[in-house]
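To start, the structure under review is shown below, and the notes come after it.
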Amino acid sequence: MSKHTLRIGIVSFAHMHAAGYAACLRSLTGVEITGVYDENAERGTVQADRFGAPFMQTLEALLDCKLDGIIICSENAKHRFHVEQVAGRVGHILCEKPIASTAEDGQAMIETCAAAGSHLHIAFPVRFATPIQQLKQMLEREELGHIYAAKCTNHGSMPGDWFIDKALSGGGAVIDHTVHVIDLLRWIWNTEVTEVYAEVGRGLIHPGLDIDDVGLLSFTLANGVYGTLDTSWSRQPPYPTWGDVKIEVVGERGLVLVDALSQHIDVSSKSTGRHRWAGYGSNPDLGLIRDFIEIIRTNAEPSIRGEDGLRALEVALAAYRSAQEGRPIQLA
């Protein structure tokens, strides 16, 4: 493919990651945000103006722009509808995680894109965090020898809005944060989760919240590694970032603790209004977007496929089922 300016569209700023992706697109040469569509016209117009892109009144108008790629960041339950509308009209589709709110929708999205000849990518930016990539390289070199277990966390603030409406989100903290970590473990070891047991609570940190805000998963991987994941909306609103993805790996030759988002300096000043992190080094969102753009230019297969999104979602859904039934759930 020639080095013409790539035309990228954005569908919805419902998910908070959309603004980060848009900023990354703006930072790349040879790439433009051709248009923004959002069912919430007020939200979409504000964000389109923020990133210097035209706001489209309809999705059809955006698709008429002959896009090279499109990024979908709508509410989880709307991913299927938007992907099915876009499939066959745009060659490369990057869909925010989780792939959908149900496994049935996720599978339908994969099949629709395959039939229409569109490439479905799933947004798992933590794969591009330098500490996580270094962990993967260390394990590939077998520096820790035989691996026994992985202790993981992903904590964040309660997002509110549609995230706490199960009809739109599919669930609370467990679905929101489980998929990130499970995707990392699947990718690092090229393996699958075979069994999940979970305890899930609602309103434990945010009294009156009618959706899960805490969860603790125990799981087994097909390669024999045992894992745990503490996932919650336990951080208060001033917390500097959306999560604190950490993985502690125990092996026969030692232990390694990786903090995926540790590339920052702590800043406390009157000018900032609250404590914050000033990031340095790699930007996982930028890594994801660069990967997406390079794949469009070379018309390669997605590095993070629809199937990756579906497998991670299935673990989160199994966790809910386990908590409801009070027993471990087997996964194929």
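The values are calculated or read from the model by the stated rules, or taken from the named source; none is laboratory data. Predicted model only: the values in this text are computed from it and were never measured. Every residue, glycine among them, receives a Cβ derived from its backbone with ideal geometry; neighbour counts consider all protein chains shown.
Taken as a whole, the structure leaves Gly20 outside the set of residues that are in a strand (DSSP E or B), in contact (Cβ under 8 Å) with a residue 40 or more places away in the chain and within 22 Å of the chain's Cα centre (by Cα). Restricted to segment 283-299, and to residues there that are among the acidic types (Asp, Glu) and either out of contact with any Ser or Thr (no Cβ under 8 Å at 6 or more places or on another chain) or surrounded by 23 or more Cβ atoms within 10 Å (Cβ to Cβ) (or both), the residue that is nearest to Ile93 (Cα to Cα) is Glu294.
Per-residue answers, yes or no, for (1) more than 25 Å from Ala114 (Cα to Cα); (2) at pLDDT 95 or above; (3) surrounded by fewer than 17 Cβ atoms within 10 Å (Cβ to Cβ); (4) in contact with a helix residue (DSSP H, G or I) (Cβ under 8 Å, 6 or more places away or on another chain):
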site: His4; (1), (2), (3), (4): yes, no, yes, no
site: Ile8; (1), (2), (3), (4): no, yes, no, yes
site: Ala22; (1), (2), (3), (4): yes, yes, no, yes
site: Arg26; (1), (2), (3), (4): yes, yes, yes, no
site: Gly44; (1), (2), (3), (4): yes, yes, no, no
site: Phe81; (1), (2), (3), (4): no, yes, yes, no
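Scanning segment 180-199 for residues that are of a type outside the set (Val, Ile, Thr), surrounded by fewer than 16 Cβ atoms within 10 Å (Cβ to Cβ) and not in a helix (DSSP H, G or I) turns up at least one hit.
Of the residues making up segment 308-332, just one is among the acidic types (Asp, Glu) and without any contact (Cβ under 8 Å) to a residue 12 or more places away in the chain, namely Glu325.
Within the bounds of segment 105-122, is there any residue that is aliphatic (A, V, I, L, M), crowded, with 22+ Cβ neighbours inside 10 Å, part of a helix (DSSP H, G or I) and assigned by TED's automatic domain parsing to the domain that holds Phe13? Walk me through how you get there before you give the answer.
Within segment 105-122, the first condition is being aliphatic (A, V, I, L, M), and the residues that meet it are 108-110, 114-116, 120, 122.
Those left that are additionally crowded, with 22+ Cβ neighbours inside 10 Å: 109, 120, 122.
Checking which are part of a helix (DSSP H, G or I) leaves us with 109.
Applying the additional criterion that residues be assigned by TED's automatic domain parsing to the domain that holds Phe13 yields 109.
Yes: segment 105-122 contains one or more residues that are aliphatic (A, V, I, L, M), crowded, with 22+ Cβ neighbours inside 10 Å, part of a helix (DSSP H, G or I) and assigned by TED's automatic domain parsing to the domain that holds Phe13.
With the requirement that a residue be among the small types (Gly, Ala, Ser) and either at negative phi or surrounded by fewer than 17 Cβ atoms within 10 Å (Cβ to Cβ) (or both), what does segment 131-177 give you? Step through it out loud before you land on a result.
Within segment 131-177, the first condition is being among the small types (Gly, Ala, Ser), and the residues that meet it are 145, 149-150, 156-157, 160, 167, 169-173.
Hits for segment 131-177 are Gly145, Ala149, Ala150, Gly156, Ser157, Gly160, Ala167, Ser169, Gly172, Ala173.
Residues in segment 83-104 that are surrounded by fewer than 24 Cβ atoms within 10 Å (Cβ to Cβ) and of a type in the set (D, E, K, R): Glu84, Arg89, Glu104. Of the residues contained in segment 274-291, none is found to be at pLDDT 95 or above, out of contact with any helix residue (DSSP H, G or I) (no Cβ under 8 Å at 6 or more places or on another chain) and in a strand (DSSP E or B).
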